[in-house]
Every structure is written in C-alpha cells, then in structure tokens.
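Here, each number is a calculation from the coordinates, and none is a lab measurement. Values in this document were obtained by computation on a predicted structure and should not be read as measured data. FYI the Cβ positions are ideal-geometry reconstructions off the backbone, even for glycines, and counts take in every protein chain you see.
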Amino acid sequence: MSATDRKNTRGRVLVAKVGLDGHDRGAKVLTRMLGDQGFEVFYLGVRSTPRQIALKAFEEAVDAIAISLLSGAHVEVAHAIRAELQAAGIDHVAVSMGGLIPLGDAEALHAAGVSRCFHPGRGDDSPTAVAGIFDELVAQSRAGAESKS
Amino acid sequence: MAMTNLSERKSADGDDLAAWLRRLSPEIDQAERGGRQCGSAQLALQDFYAPDMAERPGSFPFSRGVSARGYLDDHWVIGMYSGYASPRETNARFKALLATGQTGLSIALDLPTQVGIDSDDPQVLGEVGKVGVPINSVDDMLALLDGLPIHQVKQMRSTANAIAPMFLAIVIVALEELGIDPASFRLFLQNDPLKEFPARGTWIFPPAASLKMAVDVVEYIAVNHSGWQPQQYCGYHIRDAGGTAVQEVAVATANGISYLEEARRRGIDIATLAPTMFLFLAAGIDIFEEAAKFRAARRLWARLLHERYGVPESACHINIFAYTLGGALQAKEPFNNVARISYEALAAVLGGVQTLATSSWDEAHSLPSQEAANLSVRTQQILAHESGVANVVDPLGGSWYVEDLTTRLESAILAQVAQIVDCGGSVSAIEDGYIEDILAESAYREFQDIQSGKKPIVGVNFKPREVESEWNADFVLPPGILDDVMSALGKTRATRDGDAVRTTLERLREAAKAGENLVASLIEAARARATLGEMTDTLAGVFGRHAGSAMTVGASGDATGSGGSK
C-alpha cells in the first residue's frame with residue numbers, strides 16, 4: 001500500500017465477529033457507517049478466528065480492528081487476538097470491542113490489549129462520535145508503527 | 001358540541017332530557033348470568049363480530065385466525081426459552097418450570113452444539129454452556145431428561161437447525177432408552193437452516209445440502225412420528241437482522257416454499273404435512289402493522305397451500321409462534337423495555353398467534369435474570385387474564401385501517417417473494433447474497449433513521465437523560481460446570497464401543513454419498529454414542545461446509561459483498 005493510498009482514506013479498519021455467535025447486524029451497520037465516514041472497511045464475516053483476523057489485518061495493513069461479540073467469550077478472545085497480532089508482527093494495531101461487553105470487564109479487556117470498549121447503552125453512538133474514536137485508534141496504531149520502524 | 005345539540009333538541013322537541021337519552025340508547029343486551037361479558041360494564045359479548053357475508057374466524061383464508069373460537073376456550077401457549085450451563089443444570093431448571101405447571105419445554109442449545117462442534121474441541125473457546133445447554137451425545141440428552149415428569153411434557157421445542165437431523169436422532173434414541181412412547185410426546189423442531197445464512201448465522205453445510213437435510217427430517221417425521229412438528233419456517237431472525245415486516249414474512253415464506261417443493265418432490269403429502277408446520281415471526285412494537293402482518297402471513301400461506309399445492313381449504317391454516325422482537329430492546333434505561341415488550345405481546349395477541357414467547361427487559365445487557373424472566377411470563381398472564389384483549393375472536397377484524405393494512409402488506413410480501421423466486425428461489429438468493437444484502441440495507445436505513453430522529457426511540461434519541469446506565473451483568477457460569485460437561489463427554493468417549501462408532505459413521509458417510517435420507521443412519525450412529533461433532537464432521541466430509549461471507553466498504557461507502565459456499 002502506497003503513501004498516496006493512505007492519504008485518501010481516514011484509515012483502514014477491519015471489522016470481525018469472533019466465536020460462534022452469528023448475529024452480525026451491529027457489525028454490518030458499523031462497517032457501513034465507518035465507510036460513510038471516510039474509512040476503508042473490511043468486514044470479515046461471522047465466526048472469524050483470531051488467526052484469520054491477524055492475517056487479514058497484516059495483508060490489508062489495517063490501522064484498527066473492531067471486534068463484535070455477543071456470546072460472553074470476550075476476555076478469552078481478546079487475549080487470543082493479542083497473541084496472534086504479536087505472532088504476525090503487527091501488535092501496534094489498536095483493537096476495540098463492542099457488543100454485549102459488561103462494564104465490569106473493561107479492565108480485564110484493557111489488560112488484554114483492547115484499547116476501547118463499547119458497552120451497551122453507554123456513550124455517544126452517533127457516526128461522528130464513533131468515527132472520532134476510530135481516528136484515535138488509527139492515530140495510536142500509526143504512532144506505534146512509526147516507533148517500531 | 002354535544003351539549004349544544006342537546007339543548008337545541010330539547011327546546012325543539014320539548015322532550016325532557018331523560019326521555020331523549022332513552023330514545024338514543026335502544027336495547028342494550030343485558031348479559032345473561034354466566035355468559036361472557038366485557039369488563040366492568042358487563043355487557044354481553046358475541047364470540048366474534050362480522051357482517052353476514054364477511055370472513056369468519058377459523059375459515060379460509062384464515063386472516064381472522066386459525067380457529068373459530070380463538071382464545072375463548074384456551075389462551076395462547078406461553079412459550080419460554082431456557083437452557084444453560086450443563087444438562088444437569090438445565091434439568092433442574094426444567095423441573096422447576098414443570099413444577100409451576102408449565103407443559104412445554106424449550107431447549108436453548110449452546111452455540112457449539114448449534115454448529116455441531118463438541119464441547120472439548122479447542123475451537124469453542126469460552127462458549128460452552130454460555131447461551132444454552134451443550135448436547136454432545138445421547139448421554140447428555142439422557143441427563144437432560146433424567147427424572148422429568150415426561151407425561152406432563154406435552155411439547156419439547158428446540159432451536160436445532162443445521163443440526164436438526166442429528167438432534168432428532170439423539171432425541172429418538174434417548175426416548176427409546178428411557179422407555180418413553182414417542183407418541184405420548186411431541187417434538188417441535190425449528191429445523192429451518194435456510195434462514196441461518198442471511199440471519200442468525202449458525203449454518204454448517206452449504207445451502208442446498210442444508211435444504212436436503214431439513215427435508216430429511218420432515219420426511220422421517222412424516223413417516224414415523226406424524227404427531228410431531230418437524231419444522232417452523234422462520235421470519236423472526238430475518239426481522240432481528242434488520243429486515244422490515246415485509247421482508248420478514250417474505251423470506252420466511254420463500255424458505256417455506258423451498259421446503260414444501262422439496263417435500264413434494266419426494267412424494268410427501270403436503271395436505272398432511274402442512275398442518276404440522278409452524279410459522280415463527282417477530283412481534284414488533286408498531287401494534288397495528290404487526291397485527292396486520294400476522295393476518296396477512298396467514299392469508300397468503302393459506303392461498304398458497306390451496307392454490308398451488310391443492311391442500312383442502314380446511315387444512316390451510318398456519319399456526320404462528322411469535323417472539324417479541326429482541327432487537328427493539330434498548331440498553332439505555334432498560335426498564336423501559338417492560339413497556340415495549342408489553343405492547344409487542346399485545347400486537348401478537350391481536351394478530352391471533354398460537355404460542356407467544358416474551359423477551360426479558362434485561363436482554364440488551366446479558367442473558368435474562370430469573371426475575372426478569374418471571375416478569376415476562378407475568379406480562380403475558382396480565383394480557384391473558386386482566387386486559388380483556390382475548391374476550392372476542394379477532395377484535396380488529398373489520399377495522400377499515402387494519403383490513404387495508406392487511407391487504408397491502410400481503411401484496412408487498414408477495415411482491416418480495418416474487419423477487420426471491422426471480423433469483424431462482426431461496427437457495428440461489430442466499431448463495432448470491434441477495435437476501436443478506438437487502439437485510440443489511442434495511443438495517444442501515446433503520447440505523448440512519450434513529451440517528452436522524454426520524455424514528456423516535458424513547459430515552460435513546462427522544463428525550464434521553466444524561467445519566468448513564470449503571471446496569472452491569474456478566475456471563476459467569478456456576479463453578480464446576482465445564483468440568484461436569486467435559487467429564488461426561490470423556491466418559492462417553494471412554495466407555496463406548498469404538499468399532500461400532502466407526503462402522504455407523506462409515507454407514508452414515510455412504511448414505512450421504514448415495515443421497516439417502518440420513519436420519520436412519522444418524523440414529524444408528526447416535527445409538528453407538530457417536531458425538532454430535534463426529535456426525536457433523538462425517539457429513540461435512542461429503543457435503544462440505546459453508547464459507548460465510550465478507551464485505552468490503554470503500555471510503556465512498558459503496559459496499560461489495562462476497563458470499564459463497566464451499
């Protein structure tokens with residue numbers, strides 16, 4: 001990916017659902033919404049594995065990953081994704097999580113390398129607010145990538 | 001206005017007020033003692049209201065309901081969905097439910113089970129027992145049914161879809177080993193794998209193979225257990241994935257047609273099959289649109305059965321199972337969901353459904369708590385016993401508004417079904433990603449309408465309060481549960497006859513290659529204690545697995561999808 005391509009978008013985001021839960025209405029709406037806000041977005045579909053996510057993130061040189069999860073397995077999944085990102089040499093890529101993520105798990109997820117959590121019923125979910133959060137995630141990843149190189 | 005008329009009349013006629021009032025209120029039936037009456041005024045009620053030539057409840061095409069007596073003799077069935085952790089824990093919850101007088105059980109299966117993966121498979125990281133009960137083999141089913149007063153269990157429902165043939169085999173063997181007469185009992189399967197592709201997502205095999213297996217179940221039950229209910233064609237999940245009321249019924253109907261066509265091709269008598277099928281729909285909050293939707297769905301299905309399949313008019317009624325729409329629940333100010341669920345339940349009852357399940361107000365945060373689940377049963381009981389909504393059959397029948405909505409919804413649904421048929425039918429429309437695309441489009445439009453305020457949601461975009469919800473919940477299983485599940489599965493693997501497992505699975509593979517009905521071979525494998533995962537893998541070796549679909553959205557917002565099966 002060339003530097004000119006990067007300038008044309010607000011950032012490249014990978015959206016995925018991990019685990020066996022197949023309810024992906026929210027993930028698809030997020031994909032479309034970030035697209036409308038000027039991001040380039042790849043939605044990997046349901047039942048993506050942490051390894052598939054890391055591989056796609058590497059191939060597409062994404063700046064942020066958004067994981068949707070409703071099944072309750074978020075903490076285990078966060079650790080698995082972090083490990084796969086490290087294995088792929090792209091652990092600078094920021095990860096966010098949304099879905100049914102209880103507030104009480106925010107700290108455990110943070111410790112597992114999740115930069116932002118979207119909890120049910122909390123925070124501003126307007127497209128501009130969410131896009132603003134993804135700007136921060138993109139900036140965080142790019143800063144991380146530069147400090148590595 | 002009325003007062004002015006009154007005084008003018010009095011002066012013109014010279015009547016006194018009381019005489020005038022009596023003249024304008026002729027014969028009011030005084031209710032006979034013991035007859036049915038409306039609430040506090042105790043006026044006598046007819047069973048239903050209709051002018052002479054109008055459609056009667058319980059008559060073709062059943063827009064006014066499947067029976068002439070509606071809820072007059074019996075209310076709808078209160079269906080609740082439960083199951084979690086382990087067969088033993090679920091068994092205890094079922095015993096408690098049966099002790100309260102419930103006669104139907106609904107088994108919620110955990111996600112690994114729904115997609116045919118055993119609990120000890122490393123892929124199922126953190127999902128065993130989370131959203132339902134794991135069933136790995138006949139032994140788990142025996143544990144689930146252990147000591148239940150089976151004579152009281154009139155109906156056992158389950159969300160088995162892609163695994164329906166394996167699940168059926170496991171149930172049949174368990175009943176046999178427990179010495180329970182299958183005729184004394186009714187198994188009620190969802191068995192609608194086609195809707196798993198565009199919505200809900202617990203697919204396993206590619207669409208065409210999934211259709212074949214669903215009809216294997218229908219065929220086996222038609223021949224061997226004619227009192228059982230082999231299939232619900234489902235719109236609920238289509239709606240919850242973002243579809244409109246029209247798309248909900250249209251996709252369900254198109255899938256239902258695909259099952260019927262395959263059943264007819266195999267020589268199954270549609271007139272016998274049709275009355276055992278159920279339609280599973282969502283109950284949304286737009287009361288009159290929803291009531292009209294249920295009426296339209298019944299009417300168009302009745303016409304389809306009669307005109308296309310030659311089913312006699314009297315057998316063309318479709319029973320409806322409604323579930324209040326989970327997607328309408330809000331995480332913000334979650335107690336408001338109690339009111340939403342009540343109106344949704346009202347809409348379903350006005351639409352004349354046969355079974356109703358109500359969500360719990362806390363579902364936008366987590367699995368329902370016991371207290372919230374109790375409240376949702378109470379909501380239905382208040383509707384049934386206090387509200388008077390069930391006093392006459394089809395109380396909305398004849399409303400100019402509702403009748404017009406019913407007719408126009410029916411037309412819109414049929415037009416959408418025609419578009420799916422134009423794609424080559426459900427299977428092709430799924431493979432091409434057409435159904436998934438129209439649902440994603442509707443979901444995004446609704447999201448935009450909520451963002452713009454065009455669709456008001458109280459407490460969310462309409463007069464939101466500044467306070468953040470402090471609601472918190474977790475998904476923690478009772479301690480020791482996973483160990484229980486794993487040791488039961490380990491015991492099954494250790495004590496079974498390995499040769500019998502290999503032989504029966506080999507026979508299953510051959511039956512699959514030969515295109516035979518798979519249920520008989522699955523029963524043999526289940527009896528030998530082949531696990532659900534082993535049976536599923538064997539079939540996947542022949543039919544392949546669906547690949548899922550992905551989507552890329554450029555910075556312009558244009559979406560391109562890639563669907564497909566492998």
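In this structure, the amide hydrogen of B:LEU43, modeled 1.01 Å from its nitrogen in the peptide plane, lies closer than 5 angstrom to those of B:CYS38, counting only residues at least 5 positions away or on a different chain. Roughly what would the spin-label model give for B:MET53 and B:LEU17, points 7 Å off Cα along C-beta, in nm? Result for the modelled spin labels: 4.5 nm. Note that segment B:289-303 has calculated 3J(HN,Hα) couplings of 4, 5, 4, 5, 4, 4, 5, 5, 4, 5, 5, 6, 5, 4, 5 Hz, one per residue in order, obtained from phi through the Karplus relation 6.51 cos²θ - 1.76 cosθ + 1.60 (θ = phi - 60°); glycine and proline are x. Using C-alpha pairs under 8 Å with a sequence gap of at least 6, the mean separation divided by the residue count of segment A:3-148 gives a relative contact order of 25 percent.
Given R0 = 22 Å, the distance between the Cβ atoms of B:ALA99 and B:ASP483 translates into a calculated FRET efficiency of 0.20.
Only DSSP H runs of four or more residues enter the estimate; each adds -39500 (n - 2.57), and after division by the residues of chain A the mean residue ellipticity at 222 nm equals -14500 deg cm²/dmol. Model label points for B:ILE450 and B:ARG378, set 7 angstrom from Cα along the Cα-to-Cβ axis, are 2.7 nm apart.
A simple rule links phi to the HN-Hα coupling: the Karplus curve 6.51 cos²θ - 1.76 cosθ + 1.60 with θ = phi - 60°, which for segment B:177-186 gives 6, 8, x, 8, 6, x, 6, 8, 8, 10 Hz, with x for Gly and Pro.
With a point put 7 Å past each Cα toward its Cβ, work out how far B:ARG36 is from B:SER428 in nm, to one decimal. Roughly 4.8 nm, to one decimal. Pairs from the list B:LYS95/B:LYS195; A:LYS28/B:LYS195; B:LYS332/B:LYS463; A:LYS28/B:LYS332; A:LYS17/A:LYS148 with a Cα-Cα gap above 23 Å: B:LYS95/B:LYS195; A:LYS17/A:LYS148.
In terms of other Cβ atoms within 10 Å, B:ILE135, B:ILE268, B:ILE257 run from fewest to most in the order B:ILE268, B:ILE257, B:ILE135. Going from the fewest other Cβ atoms within 10 Å to the most, the residues B:TYR71, B:TYR323, B:TYR220 appear in the order B:TYR71, B:TYR220, B:TYR323. Rounded to the nearest whole Hz, the Karplus-based 3J(HN,Hα) values (6.51 cos²θ - 1.76 cosθ + 1.60, θ = phi - 60°) of segment B:494-504 follow the sequence 6, 9, 7, 8, x, 5, 5, 4, 4, 5, 5, with x at glycine and proline.
Counting every other Cβ atom within 10 Å of each residue's Cβ, B:TYR233, B:TYR49, B:TYR309 order from fewest to most as B:TYR49, B:TYR309, B:TYR233. Multiplying the residue separation of B:LYS513 and B:ASP181 by 0.36 nm and removing their Cα-Cα distance gives an extension gain of 116.3 nm. Where the alpha-carbon atoms of segment B:77-452 are placed on the principal axes, they occupy 55, 50, 42 Å, in descending order.
Throw me the Rg/Rh for the protein assembly as shown, computed over C-alpha atoms with Kirkwood Rh, two decimals. Value, to two decimals: 1.01. Students often forget the sequence filter, so: which aspartates and glutamates lie under 14 Å Cα-Cα from B:LYS293 once same-chain residues fewer than 8 apart are removed? B:LYS293 reaches B:GLU248, B:GLU344, B:ASP394, B:GLU403, B:ASP404, B:GLU410. Note on B:GLU466 and B:HIS385: the extension gain reaches 25.4 nm, defined as 0.36 nm multiplied by sequence separation minus the Cα-Cα distance.
Here the contact order of chain B, divided by its residue count and restricted to Cα pairs under 8 Å and six or more residues apart, works out to 18 percent. Full extension of the chain between B:ASP73 and B:THR495 gives 146.8 nm of extra length, using 0.36 nm per residue less the Cα-Cα distance. Shape of segment A:3-148 from the C-alpha gyration tensor: rounded (a/c under 1.5, with a ≥ b ≥ c the square roots of its eigenvalues).
Summed over qualifying helices (DSSP H, 4 residues or more, each -39500 (n - 2.57)) and divided by its residue number, chain B shows a 222 nm mean residue ellipticity of -14500 deg cm²/dmol.
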